[in-house]
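K.L.:
Just dropping this structure here.
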Amino acid sequence: MGETDSRRQRFFNKGIRISLEAEQLLGQLTEQETDRLLQVSDPFLSKEDVEKIIHSRPVEVRTTASFQPVAKEYDADMEVIRGSTHTERTKGETEDFIQHFRNRYERLARLLQASRSNYPQVDIADLPRHVGEKVRIIAMVYEKRITKKGNLFLEVEDLTGRGRVIISSSRAKEKLFQKSKEIVLDDTIAISGKVLEPYIIAEEVEWAEIPVLRERKRSERDLAAVYISDTHFGSRYFLHKYLDRFVEWIRGKGEARELAAKVKYLLLAGDVVDGVGVYPNHIKELSVPDIYKQYAIFDDFIEKLPDHIEVVIIPGNHDAVRRAEPMPWIDKDLIHSKVTSLGNPARLKIEGLKHVLYHGTSLDSMIANIPNMSYTHPEKVMVEYVRRRHLSPIYGGNLIVPARTDFLVLEEEPDILHCGHVHKNGYANYRNTILINSGTFQDRTDFQIRQGHVPTPGIVPVYEFKHARLRTLDFRGI
């Protein structure tokens with residue numbers, strides 16, 4: 001029996017009917033691709049089903065014979081911080097929400113208490129005892145609005161009660177007023193000012209921030225990490241050419257080979273695949289409308305990478321996990337390649353540098369609520385993450401699981417914060433925390449055209465640990 005006949009018989013034995021056109025293509029499949037079709041195929045196998053497997057097959061790339069990657073000589077120095085899988089359970093009851101916000105408040109309040117102040121710190125419940133005095137409170141923002149006189153009004157709360165704050169729009173307080181426009185609902189902030197029944201007249205507003213004087217960490221080993229996100233395998237907008245060029249480079253072909261030789265880690269910050277049914281009429285934008293096949297294409301991509309590279313992935317809002325954050329890891333039933341699959345957000349140490357990987361879903365609500373933020377510069381929003389020491393401060397801006405521990409608090413300042421989601425490359429150094437938004441490998445979608453978003457696909461950041469240097473490579477071929 002020939003190879004094609006053998007494969008045809010395997011489909012018949014499973015009760016799957018095959019079109020004549022599909023039969024003619026069976027001989028082009030590998031055994032692995034045949035097994036994949038047998039596992040997930042509908043009762044009818046069409047020509048299109050087989051063609052999607054063949055066309056999504058990554059271009060085979062051979063490592064240049066003279067390419068000797070130095071990264072191959074080292075074992076990985078990578079430690080996953082406990083709590084980065086997010087498999088804990090919650091019933092979503094009132095007490096869970098109370099504990100969630102209490103945990104957030106208490107941890108951020110400790111950070112704010114560590115900062116210096118000229119005023120005594122008091123609880124909101126004790127404010128009536130300090131009328132006419134200047135004090136400092138630490139509180140969470142419950143309400144924010146502009147008054148009829150043009151001042152900013154805040155209703156805030158701590159663990160003892162609620163209070164009211166007025167921030168004057170007068171010329172004398174113009175700098176504070178403009179700064180306070182950046183306050184968002186559910187922010188945990190410190191407010192200093194004079195107590196006047198029934199308000200505090202604010203003189204200063206502070207976020208938890210990260211220290212000004214922080215040393216930029218370096219590694220003794222001359223190794224590097226690649227940061228990518230939003231590959232969207234399975235999308236009809238997926239840019240095969242750009243990813244193929246990236247694979248060629250990382251295997252030692254083309255320019256910047258000395259940098260490719262240092263790459264020991266590849267970190268993918270969510271939206272590994274395009275998913276199925278993520279939004280209305282999503283099916284029309286898919287080249288592979290099967291979630292298992294989409295992750296199988298990702299597995300094929302991983303197989304093309306050099307074996308010495310450690311791959312870490314987290315999910316995004318298009319991946320096959322719950323939409324609410326924190327997101328659990330992508331299950332091994334979906335991904336069969338050798339990767340470290342973590343939740344969103346994830347915390348780990350790589351070459352001694354503290355990393356936080358966060359897909360970045362809250363970028364949308366932050367851009368909508370903070371002045372001068374835009375999709376053009378995602379790194380500016382990421383600065384707000386580390387200023388607030390929280391990855392999604394606005395409750396309701398995106399779905400949040402009321403876990404007893406708020407895993408979105410940045411209790412320890414990261415050395416590198418890596419996000420994706422908005423498909424736009426952006427980089428910043430804020431107080432020696434490196435902020436990276438790593439763009440995409442998906443072309444501009446119809447939705448992005450309607451919204452005016454202009455993505456930057458095929459541009460890949462690479463960080464060299466010894467030299468504390470960030471470089472970018474352009475795989476668009478232009």
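Rundown of residues vs (1) in the same structural domain as Q448 (by TED's automatic domain parsing); (2) of a type in the set (D, E, K, R); (3) within 21 Å of D274 (Cα to Cα), yes/no style:
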site	(1), (2), (3)
I309	yes, no, no
H318	yes, no, yes
E351	yes, yes, no
L357	yes, no, yes
I370	yes, no, no
V381	yes, no, no
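K.L.:
Considering segment 188-202 alone, what residues qualify as being within 27 Å of D406 (Cα to Cα) and without any contact (Cβ under 8 Å) to a residue 60 or more places away in the chain?
P.N.:
I191
K.L.:
A further question on this structure: Inspect all residues belonging to segment 29-37 and state whether any of them is more than 30 Å from W249 (Cα to Cα), surrounded by 15 or more Cβ atoms within 10 Å (Cβ to Cβ), modelled with pLDDT under 80 and not assigned by TED's automatic domain parsing to the domain that holds K293.
P.N.:
For segment 29-37, residues more than 30 Å from W249 (Cα to Cα), surrounded by 15 or more Cβ atoms within 10 Å (Cβ to Cβ), modelled with pLDDT under 80 and not assigned by TED's automatic domain parsing to the domain that holds K293: present.
K.L.:
When V205 is evaluated against the numbered criteria (1) in contact (Cβ under 8 Å) with a residue 40 or more places away in the chain; (2) part of a strand (DSSP E or B); (3) farther than 30 Å from T30 by Cβ, which criterion, by number, is the only one it fails?
P.N.:
In the conditions (1) in contact (Cβ under 8 Å) with a residue 40 or more places away in the chain; (2) part of a strand (DSSP E or B); (3) farther than 30 Å from T30 by Cβ, V205 misses (1) alone.
K.L.:
Moving to a separate point now. Determine, yes or no, whether N398 is more than 23 Å from S115 (Cβ to Cβ) and out of contact with any His (no Cβ under 7 Å at 6 or more places or on another chain).
P.N.:
Details: more than 23 Å from S115 (Cβ to Cβ): yes; out of contact with any His (no Cβ under 7 Å at 6 or more places or on another chain): yes.
So N398 fits the description; yes.
K.L.:
Can you say whether T440 is β-branched (V, I, T) and more than 17 Å from the chain's Cα centre (by Cα), as far as the supplied structure shows?
P.N.:
Details: β-branched (V, I, T): yes; more than 17 Å from the chain's Cα centre (by Cα): no.
It is false that T440 is β-branched (V, I, T) and more than 17 Å from the chain's Cα centre (by Cα).
K.L.:
A follow-up question, please. Please work out which residue is farthest from D300 (Cα to Cα), limiting yourself to segment 367-383 and to residues that are surrounded by 24 or more Cβ atoms within 10 Å (Cβ to Cβ) and among the aliphatic types (A, V, I, L, M).
P.N.:
V381
K.L.:
Within segment 259-276, is there a residue that is among the hydrophobic types (A, V, I, L, M, F, W, C), in contact with a Cys (Cβ under 9 Å, 6 or more places away or on another chain) and at pLDDT 95 or above?
P.N.:
Yes, segment 259-276 has at least one match.
K.L.:
Another question, then. Are any residues in segment 181-227 within 30 Å of E157 (Cβ to Cβ), within 26 Å of the chain's Cα centre (by Cα) and among the β-branched types (V, I, T), and if so, which ones?
P.N.:
Residues satisfying the conditions are I183, V184, T188, I189, I210, V212.
K.L.:
Among the residues of segment 301-315, how many are assigned to a helix (DSSP H, G or I) and under 23 Å from the mean Cα position of the chain (by Cα)? Outline the logic, then answer.
P.N.:
The initial filter retains those residues of segment 301-315 that are assigned to a helix (DSSP H, G or I), namely 301-304.
Now drop any that are not under 23 Å from the mean Cα position of the chain (by Cα), which leaves 301-302.
Number satisfying all stated conditions: 2.
K.L.:
Within segment 422-478, work out how many residues are crowded, with 18+ Cβ neighbours inside 10 Å, polar (S, T, N, Q) and more than 30 Å from I283 (Cα to Cα).
P.N.:
Residues in segment 422-478 being crowded, with 18+ Cβ neighbours inside 10 Å, polar (S, T, N, Q) and more than 30 Å from I283 (Cα to Cα): 1 in total.
K.L.:
Filter segment 263-283 for residues that are among the β-branched types (V, I, T) and part of a loop (DSSP other than H, G, I, E, B); which is nearest to L223 (Cα to Cα)?
P.N.:
For segment 263-283, the residue satisfying everything is V272.
K.L.:
Tell me, yes or no, whether segment 238-247 has at least one residue that is farther than 30 Å from H282 by Cα and of a type outside the set (A, V, I, L, M, F, W, C).
P.N.:
We begin by selecting, within segment 238-247, every residue farther than 30 Å from H282 by Cα; these are none.
The answer is no, given that none of the residues of segment 238-247 is farther than 30 Å from H282 by Cα and of a type outside the set (A, V, I, L, M, F, W, C).
K.L.:
While we're here: Quick check, is V339 within 28 Å of P402 (Cβ to Cβ), touching a residue at least 12 places away in the same chain (Cβ under 8 Å) and among the hydrophobic types (A, V, I, L, M, F, W, C)?
P.N.:
For V339, the condition - within 28 Å of P402 (Cβ to Cβ), touching a residue at least 12 places away in the same chain (Cβ under 8 Å) and among the hydrophobic types (A, V, I, L, M, F, W, C) - is not met.
K.L.:
Of the residues that sit in segment 390-406 and are crowded, with 23+ Cβ neighbours inside 10 Å and of a type outside the set (S, T, N, Q), which one is nearest to T472 (Cα to Cα)?
P.N.:
L391
K.L.:
Give segment 5-52 a look and list any residue that's in contact with an Asp or Glu (Cβ under 7 Å, 6 or more places away or on another chain) and of a type in the set (V, I, T), or say none.
P.N.:
V40
K.L.:
Among the residues of segment 259-273, how many are touching a Leu at 6+ places or on another chain (Cβ under 6 Å) and not hydrophobic (A, V, I, L, M, F, W, C)?
P.N.:
Residues flagged as touching a Leu at 6+ places or on another chain (Cβ under 6 Å) and not hydrophobic (A, V, I, L, M, F, W, C) within segment 259-273 amount to 2.
K.L.:
Before we move on, is F447 of a type in the set (F, W, Y), within 21 Å of D271 (Cα to Cα) and touching a Gly at 6+ places or on another chain (Cβ under 6 Å)?
P.N.:
In short, no.
The values are calculated or read from the model by the stated rules, or taken from the named source; none is laboratory data. If you're wondering where the values come from, they're calculated on a predicted model, not measured in any experiment. Cβ sites come from the backbone with ideal geometry, for glycine too, and all protein chains shown count toward neighbours.
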